[in-house]
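The values are calculated or read from the model by the stated rules, or taken from the named source; none is laboratory data. All figures in this text were calculated on a predicted structure; none of them were measured in a lab. Cβ placement follows ideal geometry from the backbone for every residue including glycine, while neighbour counts extend to all protein chains displayed. Heads up: the accessible areas ignore ligands, DNA and RNA and are worked out on the full protein's heavy atoms, side chains in. Shrake-Rupley method; radii C 1.70, N 1.55, O 1.52, S 1.80 Å.
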Number of protein chains: 2
Amino acid sequence: LPMDKGKRPLRGVADRAESRLIRQIARAALGQQSVGRGRLRLGIGDDAALLSPKPGFETILTCDWFLEGTHFLSAKHPPDSVGWKCLARAVSDVAAMGGTPRYFLLSLALPASRRGRWFAEFLRGLRRASQALGCELVGGDTTGRPEILINVTVVGEVPNKHAVLRSGARPGDLIYVSGRLGEAEFGLRHVCAHKGRLSANDPHLKKHLYPEPRLALGSWLAEKDLATAMMDLSDGLSTDLPRLCTASSVGAQIEAPKIPVVQVPERRPERKHDHPLELALNGGDDYELLFTVSQRNAKLVPQSFQKLKLTLIGRITREKDLLLIGGDGRKQRLLPGGWDPFR
Amino acid sequence: LPMDKGKRPLRGVADRAESRLIRQIARAALGQQSVGRGRLRLGIGDDAALLSPKPGFETILTCDWFLEGTHFLSAKHPPDSVGWKCLARAVSDVAAMGGTPRYFLLSLALPASRRGRWFAEFLRGLRRASQALGCELVGGDTTGRPEILINVTVVGEVPNKHAVLRSGARPGDLIYVSGRLGEAEFGLRHVCAHKGRLSANDPHLKKHLYPEPRLALGSWLAEKDLATAMMDLSDGLSTDLPRLCTASSVGAQIEAPKIPVVQVPERRPERKHDHPLELALNGGDDYELLFTVSQRNAKLVPQSFQKLKLTLIGRITREKDLLLIGGDGRKQRLLPGGWDPFR
């Protein structure tokens, strides 16, 4: 029968090359696939994955874009960081609910030129994240494309009625953040200012290249019913705190001197524009947790949790304004400084 | 505090414009959101969606790309067809397991120029599919991008132990397909050959623009334990049948004269290259079901199911070859004619 490939530009799926790619993904990123054991009935290779939900748990479902040119630059970002981060940032949404990640789907569009070394390195980072975060690849979709496009769906679980939403903050609750804010943004600026590829070992780049979702903290806060509301900081405190407040129909006051900011090295004069507070308020990609705790329970929140610093930065108010109180006691409105991809 | 947006090209999320977009999606595509009722605990607007799995059911998980330039052309395809089809094709994977779709996540990257009428029409098609297929939008991710990028994740459910896999076909089993094959490919060629936009009402375009996943048939076959193996035809019989056979470690013989092929209108001389059998074997996007049934149960398969034609086209063999038997009795190897996006 005559073939006529040139005339069929619009097809969703592939055959031999795609099968090869899927086998490569399955081999490299999985290794430890648990089909048959545990609650995964069926992984890669059928029409869909099959999971047996755990009785007494709710299912968490989230997805995230990770696109070349929008979220990473091939010329700048090491491929294993792309592999790590595409999964870590989606898993962070599960941490933000107090849940535990279980499975993920990888949708990948790849140029032919990236199917060699770049792809092997990417899979190495993805596999490392999959193992570190306890999140197993169970399926996905692949296609060819001039630019690298990634979408990751994560399925997690949380004990019934223990998920922490954005909407539970009440007036008087205290506001906490984990870690230091602005570190990822500082790393991003460092990457953008630098010519060529960077050493992935630079400590200032670690949080930008290999963010760590705060899973242990999130599930501890959920299990103990300590957090009244919680979310992860993906777009910067000045953008994310208003989201939590809107969801909870409350306002907030935060104190600038209390915010745990990135430590900018002094001997980098070229970085003088990097104001630590501005980085902390408006920098994205930190994937730290922002959470609220009732005053009554505040004494149960430790100063650090498994070496991760927890800092009280303000309180929830009945008035719906968002105020930033300076070191001199002056109040100003907190304005969202997050970047808007549609502008 | 100073803003410095020009320097921050790499950010995953948005603020005002993205919020507007999400509200628009939530309003238009949902309407009927069932949060609080049923098994959806939390939909759009938090870090992730929360679902309560139904006891006695397994969870089906699948995702699909739908990309401008790869899977559809803005200049050719009506936006409501893009909305319908991006969901329908992902739901088809659930039909192929014998399951019922429940929830979906929409990941959307959109150019600013498409945020007006195009987007409203897209949402109309998406909403129509969501209602027709019983599949509810519960979350997603949005960003800006010069081209329209879509990824859809679908969550479905199937009664424990009733999911139909690709791997269950046994030698001697009979091979069936639903509907007529090649219709979507015929529609695609019609679209590509035609200058400008087409009428969405052209009956030859319906299956290409608004495919209907065979949910009722799939779940009936699963419930009755009739199908030993099943998958949906997304890449054409010549590509998909080998996949089912590989998964089952078997071969197959199919008879060319028995294959229910697209009816090509005779009074279209410009379409003389459209050989119906070639369209049926190698055309993709039909989303019909391909399934196998043991000889013992063959009498239980009706000639049509809810007006959808079911056709016996061949049988599974122990020898792992894939053979096509012509009207003259001559056998030839069935070669995959699916299009490979990586070539």
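Evaluating kT/(6 pi eta Rh) at 25 °C and 0.890 mPa s, with the Kirkwood radius of region A:138-265 over Cα pairs in the Stokes-Einstein relation, gives 139 µm² s⁻¹. The mean number of partner chain beta-carbon atoms within 10 angstrom of a residue's beta-carbon across peptide A:293-301 is 0.
To the nearest 20 debye, what is the magnitude of the charge dipole of region B:149-280 about its Cα centre, counting +1 on the Cβ of each Lys and Arg and -1 on the Cβ of each Asp and Glu?
Numbers: 17 positive and 16 negative charges, 60 e Å.
Once rounded to the nearest 20, the dipole reads 280 debye.
Between the amide H of B:Gly337 and those of B:Ser238, B:Thr239, distances stay under 5 Å, these residues lying 5 or more places away or on another chain, with hydrogens modeled in the peptide plane. Using equal-weight Cα scatterers in the Debye expression, the normalised intensity of chain A in log10 at q = 0.06, 0.11, 0.13 Å⁻¹ is -0.24, -0.77, -1.03.
Taking each pair of distinct Cα atoms in region B:45-176 once, what is the resulting Kirkwood hydrodynamic radius in Å? Each step should come with its number before you reach the end.
Details: mean 1/r = 0.0624 Å⁻¹.
With all distinct Cα pairs of region B:45-176 included, I get 16.0 Å.
Heavy-atom accessible surface of B:Leu61, to the nearest 10 Å², is about 0 Å², with a 1.4 Å probe and all protein chains retained. Starting from the Cα of B:Leu73, step 7 Å toward the Cβ, then list every residue of region B:94-112 with an amide N under 20 Å from that point. Residues passing the 20 Å test: B:111.
Let me have the relative contact order for chain B, percent, based on Cα pairs under 8 Å that are six or more residues apart. Write out the running numbers ahead of the final one.
Numbers: 736 pairs, mean separation 70.9, N = 343.
The normalised contact order for chain B reaches 21 percent.
Just going by the charge dipole of the protein assembly as shown, with Lys and Arg at +1 and Asp and Glu at -1 on Cβ, which of B:Ile325, B:Leu137, A:Ser167 is farthest out on the positive end? Checking the options against the dipole of the protein assembly as shown, the answer is B:Ile325. Considering only A:Lys320, A:Lys309, A:Lys299, the Gaussian network model of chain A with Cα springs below 10 Å gives its largest mean-square fluctuation to A:Lys299.
Taking region A:227-270, how much of its Cα-Cα pair set, in percent, is spaced more than 11 angstrom apart? Of all Cα-Cα pairs in region A:227-270, 75 percent lie more than 11 Å apart.
Residues B:Ser92, B:Ser52, B:Ser249 ordered from highest to lowest accessible area at a 1.4 Å probe: B:Ser249, B:Ser52, B:Ser92. Modelled spin-label separation between A:Arg318 and A:Asn160, with each label point placed 7 Å from Cα along the Cα-to-Cβ direction: 3.6 nm. Given +1 at the Cβ of Lys and Arg, -1 at the Cβ of Asp and Glu and no other charges, the dipole of chain B around its Cα centre is 580 debye to the nearest 20.
Under a 5 Å amide H cut-off, with hydrogens placed 1.01 Å from N, B:Ile313 pairs with B:Ile175, B:Tyr176, B:Val177 among residues at least 5 apart or on other chains.
Between the helical axis of B:237-248 and the longest alpha-carbon principal axis of chain B there is an angle of about 80 degrees.
In the assembly of identical copies, B:Lys258 has its label point, taken 7 Å from Cα in the direction of the beta carbon, separated from the corresponding points by 7.5 nm (ascending, one decimal). For a distance above 48 Å, tell me the whole-number percent of Cα pairs in the protein assembly as shown that qualify. Looking at the protein assembly as shown, the distances longer than 48 Å represent 17 percent of pairs. Between the alpha-carbon centres of region B:61-101 and region A:121-149 there is a gap of 22 Å.
Between copies, the label points at A:Thr246 (set 7 angstrom from Cα along Cα-to-Cβ) are spaced 4.6 nm, reported in nanometres from shortest to longest.
The charge dipole of region B:209-335, taken about the Cα centre with unit charges on the Cβ atoms of Lys, Arg (+1) and Asp, Glu (-1), comes to about 460 debye, rounded to the nearest 20. Take the residue pairs A:Lys161/B:Lys85; B:Lys207/B:Lys309; A:Lys224/A:Lys258; A:Lys207/A:Lys320; A:Lys76/B:Lys85; A:Lys54/A:Lys299 and return only those whose Cα atoms are more than 27 Å apart. Violating the 27 Å Cα-Cα cut-off are A:Lys161/B:Lys85; A:Lys207/A:Lys320; A:Lys76/B:Lys85; A:Lys54/A:Lys299. Relative to the other identical copies, A:Ser113 shows label-point distances of 2.5 nm, where the label point lies 7 Å from Cα along the Cβ direction and values run shortest first. Taking chain A as a Gaussian network of alpha-carbon nodes connected by springs under 10 Å, the highest mean-square fluctuation of the residues A:Ala163, A:Ala280, A:Ala49 belongs to A:Ala49. Note on chain A: with a GNM built from Cα contacts shorter than 10 Å, the maximum mean-square fluctuation among A:Ala129, A:Ala75, A:Ala120 falls on A:Ala75. Shape annotation for region B:67-122: C-alpha extents along the principal axes are 39, 20, 16 Å, from largest to smallest.
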